[in-house]
Amino acid sequence: MKVRDVMSRDVKTIPATGTLHEVAVLMKQNDIGSVPVAEQNRLVGMVTDRDLVIRALAEQLPSDTPVRTIMTDKVMYCFDDQDLADAVRNMAEFEVRRLPVVDREKLLVGVLSLSNVASGDDDELSGELLDGVATPH
């Protein structure tokens, strides 16, 4: 099975010039905990709810601060034609619950999340991922 077979295709993104307020509203409206930062469909970063708390709120940054200020710019990702088991092993190893999905031109085409994997038919793969992201170290 390939990543494209289970990934979410309806990806909400924000540009690096978007504000902290805009990304927080986007997260609230879509009930999501992370938002890829994209410029012309190219992945340039990621912002999580944790980034908002630790890097913005705790530092008392104004709500009109650009997202680029707090985004993680070294983002792990996977390819849409990659084997799902390989992507899941990477997610478990690096303890991430979601990965942006890009095509071979590195254009953002989706997101692979723990819930995508859990809704699939492979209970062993789901268990492997859950163990990797939920086990305290």
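The values are calculated or read from the model by the stated rules, or taken from the named source; none is laboratory data. Every value quoted in this text rests on a predicted model; they were computed, and no experiment measured them. With ideal geometry, Cβ positions are generated from the backbone for all residues, glycine too; neighbour counts draw on all protein chains shown.
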* Asked: Within segment 30-37, is there a residue that is over 15 Å from residue 116 (Cβ atoms) and assigned to a helix (DSSP H, G or I)?
  -> yes
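Criterion first (out of contact with any Gly (no Cβ under 9 Å at 6 or more places or on another chain), at pLDDT below 85 and crowded, with 18+ Cβ neighbours inside 10 Å) does residue 125 satisfy it? Lay out the reasoning, then the answer.
On the way: out of contact with any Gly (no Cβ under 9 Å at 6 or more places or on another chain): yes; at pLDDT below 85: yes; crowded, with 18+ Cβ neighbours inside 10 Å: yes.
Considered against the rule, which asks whether it is out of contact with any Gly (no Cβ under 9 Å at 6 or more places or on another chain), at pLDDT below 85 and crowded, with 18+ Cβ neighbours inside 10 Å, residue 125 comes out as yes.
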* So residue 96, is it in a loop (DSSP other than H, G, I, E, B), within 12 Å of the chain's Cα centre (by Cα), in contact (Cβ under 8 Å) with a residue 24 or more places away in the chain and closer than 22 Å to residue 115 by Cβ -> yes
* Asked: Any idea which residue in segment 13-37 is nearest to residue 71 (Cα to Cα), counting only those that are modelled with pLDDT under 95 and in contact with a strand residue (DSSP E or B) (Cβ under 8 Å, 6 or more places away or on another chain)?
  -> 34
